[in-house]
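The values are calculated or read from the model by the stated rules, or taken from the named source; none is laboratory data. A quick note: this is a predicted structure, and the numbers were derived from the prediction, not measured. Neighbour counts are summed over all protein chains in view; Cβ atoms, including those assigned to glycine, are modelled from backbone coordinates with ideal geometry. Accessible surface is based on the protein model in full, side chains and every heavy atom, while ligands, DNA and RNA are left aside. Shrake-Rupley method; radii C 1.70, N 1.55, O 1.52, S 1.80 Å.
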Amino acid sequence: MLLLSLAFAAMAVAQNASTSLTPATTTAFDAGVPTDAPIPGDYNGQWRPQVHFSPPTNFMNDPNGCFLDGNGTWHLYYQYNPTATVAGNQHWGHATSKDLYTWQNEKIAIFATPDSQIFSGSIVIDTNNTSGFFPNQTDGVVAIYTLNTAAEQTQEIAYSFDGGYTFTNYTSNPVLRASPPSNQFRDPKVIWYEDHWVMVIAYSQEFVIGIFTSPDLKEWTHASNFTSHGLLGLQYECPNLVSMPVLGGDSMWLMAISINPGAPLGGSITEYFPGTFNGTHFEAVDAAARIADFGKDSYAGQFFYGLPEEADPVFIAWSSNWQYAQQVPTGPQEGWRSAMGLPRRSYLVNNATRTGWALISVPYDLTPILLPSPLITNSSLGNSTLLADYSSVSSGALYFRVNVTNLPPLAQATGTLNFTFSSSSTRESVSGGFYFSGDNPFWLSRQNVLGFSQTNPFFTDKFSVGNVLNPDGTFTLEGVIDRSILEVFLDGGRNSATATFYPEGVLDTVEVRTSGINEETVVAVEVWGLKSTWAEQASEDGIVYGNVGSSASGNATQVVRRKM
Ligand code: FRU
């Protein structure tokens, strides 16, 4: 958002020049931005994802403040402009979920003021009242975020007594400023490490991730820098530092950095670095830049805070790219822009193949949203084609999984596995495929979708990755297609890609096709329809009003644990 950030303050001032005091409790200054109820949303549009989160109206970008509370409720906050379908008047929108797919819209959590915007940041639970804000509770919530003004980006905190629904600004903000002051110092992500708080934050234009420590979330001390690692692009943004389990045993640390622009394919991308962390210093295992998603629509992702130690970290990213996020046709046609990607369960593997360390990402447990019986199952496809009409699945959202086993030794494997989702009315399609020979490339294409892809030069239409075969003779492909988003996960999540697309016709036909594969190879296919999580909560008028009642969170949810 390189050039945008400077324009933000001016835009916000123009929207309401009459109010100028920063209120103690964060409230709205724009007439029409409700403070006491969620914004209603129409989730019926042809491109509205049905199992992904998207805002009720207007513009969304980064996930912020992601945390799991003690009642098993997942909280997702997000960069939100409630007054336009482009970025500018940045608030923290808020939604909650019991399963990470069925989201309930909450009222806006933290509000912009006439001359400042609430940029990205994180949330922690201050169980031990280190901050002193919570003498009478163990579930106090503290948000740490960047306050953006025309002159400077500073770090502020706000605290919540009611579990993250309403916030009060700390009176001695800011808690951290760059020295010398900077307007490119942002996106604090805070975690607890043994006996102190740790913040990672981007000095965006210096390509530095600063690591700070604090006993109380108020006083921050600079501890070290992680500088100029991996792809630089033009800016570093939205760093994350998280303890990450390693398949087979120990744990490591993982630093994730979003860069924009500068992705090899253009625009926004997230890279990650496995490494070690001692409470003050992070060291990467090697000099490699590893990319989290080989599509173009996964950016500024964040790991949820507050998971039990034995659970795999859960990651969620913004499904767009600054190169075209503010131009996609959902804005003028349906009044909203951008969705979040699927929640992803993550862990590290080492030396599974010759590429060494890899972050594994798989969709978080989908069982709560699977329709009762599969649309297609075939346990041994051989060399043939499966075709199904899924117009009866009202969500238009599908989960698909292909398990390939009994592949011959690598050099002898042959053939291809392809899939296509197409529209019977317009013949548009999105498709992908895997080669079992050579370097085993996988490709994904949104080329054959009319409209936007044909007119925006940055809306790159094909992606690919090399994904060497496992020595054990297996390969898996799974994914979710959800009206205007396709996400694929290869080889148990070793590689993944997210691609948005905006077809003129409704996609309603799925085809899975194998050709030239070795005789002994077994290809098993399953395709499931998914529920429409938004239609399920719409009122009679078709509108989703969100949580207009209390913020009570109900029964505890089971957090999915890893099977090793
Ligand atoms: C990343 C980003 C952040 C910033 C936010 C503003 O997409 O540019 O660096 O805090 O968006 O909306």
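Results, tabulated for the structure shown:
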item	result
Segment 34-80 and segment 337-363: distance between their alpha carbon centers, rounded to Å	23
Under Karplus coefficients 6.51, -1.76 and 1.60, residue-wise ³J(HN,Hα) of segment 528-542 in Hz, glycine/proline x	10, x, 10, 5, 9, 5, 7, 4, 4, 10, 6, 7, 4, 7, x
For Val522, solvent-accessible area (1.4 Å; no DNA, RNA or ligand), Å²	50
Value in Å of the Kirkwood radius, where segment 65-131 supplies the Cα pairs that are averaged	13.1
Surface share of carbon and sulfur [accessible, 1.4 angstrom probe, percent] for the chain	51
Residue-normalised accessible area of the chain, given per residue in Å² at a 1.4 Å probe	36
Value in Å of the Kirkwood radius, where segment 334-391 supplies the Cα pairs that are averaged	16.0
Relative contact order computed over the chain (Cα-Cα under 8 Å; 6+ residues apart), in percent	15
For q = 0.05, 0.11, 0.13 Å⁻¹, Debye-computed log10 I/I(0) when each Cα of the chain counts as one equal scatterer	-0.19, -0.97, -1.38
Residues with amide H under 5 Å from that of Met252, placed H, sequence gap 5 or more	Met244, Val246
Local electrostatic count at Phe134 - Lys and Arg +1, Asp and Glu -1, tallied over other residues with Cβ under 15 Å	-4
Cα long-axis angle, helix 4-15 against the chain (0 to 90 degrees, to the nearest 10)	60
Within the chain, helix-based [θ] at 222 nm, where runs of 4 or more DSSP H residues each add -39,500 (n - 2.57), nearest 500	-1000 deg cm²/dmol
About the Cα centre, charge dipole magnitude for the chain (Lys/Arg +1, Asp/Glu -1 at Cβ), debye	600
Solvent-accessible surface (1.4 angstrom probe) belonging to Asp195, in square angstrom, nearest 10	110
Debye log10 I(q)/I(0) for segment 112-194, one point scatterer per Cα, at q = 0.13, 0.15, 0.18 Å⁻¹	-0.42, -0.55, -0.76
With DNA, RNA and ligands ignored, accessible area of His196 (1.4 Å probe; Å², nearest 10)	40
Rg followed by Dmax, in Å, when segment 285-352 is reduced to its Cα trace	15.5, 47
Segment 223-292-segment 172-197 distance, computed between alpha-carbon centres (Å)	18
Sequence-distant residues sharing a close amide H with Thr414 (under 5 Å, placed H)	Asn518
Between segment 99-155 and segment 369-417, the alpha-carbon center distance in angstrom	43
For segment 311-435, alpha-carbon Rg relative to the globular expectation (2.2 N^0.38 Å, N residues)	1.34
